[in-house]
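What follows is a single structure, written as structure tokens, with notes after it.
The values are calculated or read from the model by the stated rules, or taken from the named source; none is laboratory data. On a predicted model such as this, the values are computed, not experimentally measured, just so you know. Here the Cβ is made from the backbone with ideal geometry for all residues, glycine too, and neighbour counts use every protein chain on show.
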Amino acid sequence: MKIGIVGSGYVGLVTGTCFAHLGHQVLCIDNDRTKVAMLKRGKVPIYEPGLSEMITQNVKEGRLDFSLSIAQAVKQCEVLFICVNTPPKDNGEADLSYVENVARDVAQHLKEYRLVVEKSTVPVQTGEWIYKTMKEHQPRTSLFDVASNPEFLREGSAIHDFLEPDRVVLGVSSARAEKLLRKLYEPIKSPLLVTDIKSAELIKHASNSFLASKIAFINVVSRVCDAVGADVEQVAKGMGLDPRIGPSFLKAGIGFGGFCFPKDLAAFLRMAEKLGVRFDILKEVLASNDDQKSYFVQKIENALWNLKGKKLAVLGLAFKPDTDDMRFAPSIEILQALQKEGALISAYDPQAVEKAKPIFKGIKYAKNPYEACRHADALVVLTEWSEFSNLDFKRIKKLLRQPVIFDGRNMYNPNELRKQGFRYYGMGRKSV
Ligand code: UGA
């Protein structure tokens with residue numbers, strides 16, 4: 001099938017490339033000239049494991065191309081996915097002006113039937129607005145259908161999540177739209193749920209909000225564990241063995257970040273408020289996620305006393321491993337708070353340094369974890385990159401001024417590090 005993807009960010013690029021990989025003919029559109037030129041030269045503007053190789057292969061085999069022109073996509077492609085950005089406004093609401101622009105542009109170029117699918121994460125009722133907008137610019141409503149097909153891609157494992165999803169959700173309002181989308185997803189053998197458009201939109205926001213709530217819950221439990229000397233890893237394991245709870249997303253740490261959870265929760269909350277539905281659980285989830293970052297900073301201060309002039313070796317800046325994404329990364333608030341207290345930061349991240357540079361002032365970037373540790377007063381882990389799991393701690397102990405580790409992601413075995421002479425502080429894990 002011929003597919004147009006409007007918006008070539010994380011979601012658009014992964015979606016377009018994976019559809020091409022499945023054998024469809026894909027045209028990815030973006031209004032950023034530099035990005036399109038880069039993609040045409042075979043350069044990928046984001047880091048996502050496996051994506052660059054997959055783009056190169058599909059371009060070479062003639063199934064994937066890039067363009068600035070929505071008109072071209074409308075002309076050539078029967079199904080058009082809207083994958084543009086929906087950034088948060090100051091009040092938490094999602095800014096849907098890019099979605100509206102695309103709907104209008106597509107409608108203005110329509111000559112024959114096209115299916116317009118919203119894939120950007122959007123609040124419930126956006127499908128209705130897309131339909132109304134298109135109708136205003138294209139009164140012949142038989143020329144289009146609108147559908148919702150939310151994405152459930154995790155950065156860092158987006159290709160796997162696309163090709164082997166837990167579920168595919170198709171929110172449709174006509175048999176024709178359902179048939180087209182079923183055909184498109186035919187090669188993917190996963191449960192397929194067909195719903196109305198509003199329910200599909202809600203599945204996305206409710207899923208992300210629920211997952212974020214699970215993380216916030218275990219993080220608060222980790223503070224209780226700290227207070228009484230229990231181990232949150234054991235508590236989470238015991239909870240997760242109950243199939244009604246499940247083991248995933250119960251990893252305590254320094255809080256969730258990224259461009260999805262914080263913004264989707266805020267948007268869902270805002271939408272509920274607008275609809276007159278009280279959803280204070282979400283308010284609390286957001287507040288306790290902020291608390292978790294302050295709590296970690298406090299933990300460091302409590303253990304090191306004065307931070308002024310102390311050097312901290314920071315491992316990991318990205319909001320999670322296997323991505324260079326710094327958006328809403330917990331490292332931002334944590335490091336800024338530590339710097340405010342006078343701490344000097346020497347940081348290492350395998351991928352995110354270029355994206356971190358414009359965000360932080362006065363941070364030194366190391367070439368590897370050991371360089372970061374040289375003459376530092378403590379080691380602080382903020383992202384659980386796999387390359388940090390097998391560090392040479394004997395060497396690190398010699399490099400550090402004091403053998404202190406703050407493990408913000410509970411990566412290490414506290415007993416082993418203590419045996420090696422470290423003072424170990426995890427999240428909810430019997431410190432020191
Ligand atoms: C999330 C969802 O998991 C995807 O299903 C969804 O499609 C995506 O948002 C989206 O809306 O586009 P993502 O933000 O890439 O994916 O990353 P996650 O793996 O969900 O992690 C989010 C944050 O939670 C990270 O900061 C991570 O470190 C944190 N986290 C996750 C924890 O602190 N503990 C956990 O147990 C799991």
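Over 28 Å from Phe259 (Cβ atoms), among the charged types (D, E, K, R) and either in contact (Cβ under 8 Å) with a residue 24 or more places away in the chain or surrounded by 20 or more Cβ atoms within 10 Å (Cβ to Cβ) (or both): which single residue out of Arg327, Arg401 fits that description? Step through it out loud before you land on a result.
Numbers: Arg327 fails: over 28 Å from Phe259 (Cβ atoms).
The conditions single out Arg401.
Read through the list (1) part of a loop (DSSP other than H, G, I, E, B); (2) surrounded by 15 or more Cβ atoms within 10 Å (Cβ to Cβ), then give the number of the only condition that His205 fails.
Of everything listed in (1) part of a loop (DSSP other than H, G, I, E, B); (2) surrounded by 15 or more Cβ atoms within 10 Å (Cβ to Cβ), His205 misses just condition (1).
Residue under question is Ser148, and the condition is that it be closer than 22 Å to Asp264 by Cα, among the small types (Gly, Ala, Ser), buried (at least 23 other Cβ atoms within 10 Å of the Cβ) and modelled with pLDDT of 95 or more; does it hold?
Details: closer than 22 Å to Asp264 by Cα: yes; among the small types (Gly, Ala, Ser): yes; buried (at least 23 other Cβ atoms within 10 Å of the Cβ): yes; modelled with pLDDT of 95 or more: yes.
For Ser148, the condition - closer than 22 Å to Asp264 by Cα, among the small types (Gly, Ala, Ser), buried (at least 23 other Cβ atoms within 10 Å of the Cβ) and modelled with pLDDT of 95 or more - is met.
Can you spot a residue in the range 199-210 that is within 30 Å of Lys430 (Cβ to Cβ) and either without any contact (Cβ under 8 Å) to a residue 12 or more places away in the chain or within 11 Å of the ligand (Cβ to nearest atom) (or both)? Explain how you work it out, then say what you get.
Step one: list which residues in the range 199-210 are within 30 Å of Lys430 (Cβ to Cβ), which gives 210.
Now drop any that are not either without any contact (Cβ under 8 Å) to a residue 12 or more places away in the chain or within 11 Å of the ligand (Cβ to nearest atom) (or both), which leaves 210.
Yes, the range 199-210 contains at least one residue that is within 30 Å of Lys430 (Cβ to Cβ) and either without any contact (Cβ under 8 Å) to a residue 12 or more places away in the chain or within 11 Å of the ligand (Cβ to nearest atom) (or both).
Looking only at the range 228-284, count every residue that is crowded, with 22+ Cβ neighbours inside 10 Å and either more than 25 Å from the chain's Cα centre (by Cα) or acidic (Asp, Glu) (or both) and tell me the total.
1
Are there any pairs, at least 6 apart or on different chains, whose C-beta atoms fall under 6 Å, with the first in the range 260-271 and over 19 Å from Tyr10 (Cβ atoms) and in contact (Cβ under 8 Å) with a residue 12 or more places away in the chain and the second in a helix (DSSP H, G or I) and of a type outside the set (Ser, Thr, Tyr), and if so, which?
That search, which allows pairs on different chains as well, returns Phe268/His205; Leu269/Leu282.
Please indicate, with yes or no, whether at least one residue in the range 64-82 is assigned to a helix (DSSP H, G or I), within 16 Å of the ligand (Cβ to nearest atom), within 27 Å of Lys179 (Cα to Cα) and not aromatic (Phe, Trp, Tyr). Walk me through it before giving the result.
In the first step, residues of the range 64-82 are kept if they are assigned to a helix (DSSP H, G or I); the result is 70-76.
Checking which are within 16 Å of the ligand (Cβ to nearest atom) leaves us with none.
Taking every residue of the range 64-82 in turn, none turns out to be assigned to a helix (DSSP H, G or I), within 16 Å of the ligand (Cβ to nearest atom), within 27 Å of Lys179 (Cα to Cα) and not aromatic (Phe, Trp, Tyr).
What residue, among those in the range 83-118 that are assigned to a helix (DSSP H, G or I) and of a type in the set (Val, Ile, Thr), is nearest to the chain's Cα centre (by Cα)? Let's see the steps before the verdict.
From the range 83-118, those assigned to a helix (DSSP H, G or I) are 97-109; that's our starting set.
Imposing the further condition that a residue be of a type in the set (Val, Ile, Thr) reduces the set to 99, 102, 106.
Numbers: Val99: 20, Val102: 23, Val106: 28 Å.
This residue is Val99.
Of the numbered conditions (1) polar (S, T, N, Q); (2) at pLDDT 95 or above; (3) more than 16 Å from the ligand (Cβ to nearest atom), Gln138 satisfies every one except a single condition; which is it?
(2)
Can you spot a residue in the range 127-150 that is under 18 Å from the mean Cα position of the chain (by Cα) and closer than 20 Å to Ile3 by Cα? Step through it out loud before you land on a result.
So in the range 127-150, the residues under 18 Å from the mean Cα position of the chain (by Cα) come out as 149-150.
Of the ones still in play, those that are also closer than 20 Å to Ile3 by Cα are 149-150.
Yes, there is a match, as at least one residue in the range 127-150 is under 18 Å from the mean Cα position of the chain (by Cα) and closer than 20 Å to Ile3 by Cα.
Check the range 360-382 and report whether any residue there is touching a Pro at 6+ places or on another chain (Cβ under 8 Å), surrounded by 22 or more Cβ atoms within 10 Å (Cβ to Cβ) and farther than 22 Å from Phe319 by Cα. So that I can check it myself, show each step before the final result.
Let us first name the residues in the range 360-382 that are touching a Pro at 6+ places or on another chain (Cβ under 8 Å), namely 382.
In the following step, the residues that additionally are surrounded by 22 or more Cβ atoms within 10 Å (Cβ to Cβ) were identified as 382.
In the following step, the residues that additionally are farther than 22 Å from Phe319 by Cα were identified as none.
Checked against the condition, which is being touching a Pro at 6+ places or on another chain (Cβ under 8 Å), surrounded by 22 or more Cβ atoms within 10 Å (Cβ to Cβ) and farther than 22 Å from Phe319 by Cα, the range 360-382 yields no hits at all.
Ser389 - would you say it is under 29 Å from Asp231 (Cβ atoms), surrounded by fewer than 20 Cβ atoms within 10 Å (Cβ to Cβ) and among the hydroxyl-bearing types (Ser, Thr, Tyr)? Lay out the reasoning, then the answer.
Numbers: under 29 Å from Asp231 (Cβ atoms): yes; surrounded by fewer than 20 Cβ atoms within 10 Å (Cβ to Cβ): yes; among the hydroxyl-bearing types (Ser, Thr, Tyr): yes.
The answer is yes for Ser389.
What is the residue count in the range 44-63 for residues that are part of a helix (DSSP H, G or I) and among the hydrophobic types (A, V, I, L, M, F, W, C)?
Pass one, the range 44-63, residues part of a helix (DSSP H, G or I): 51-60.
Next cut, among the hydrophobic types (A, V, I, L, M, F, W, C) only: 51, 54-55, 59.
Final tally of qualifying residues: 4.
Which residue out of Gly238, Gly246, Gly257 is under 24 Å from Pro88 (Cβ atoms) and among the small types (Gly, Ala, Ser)?
Gly257
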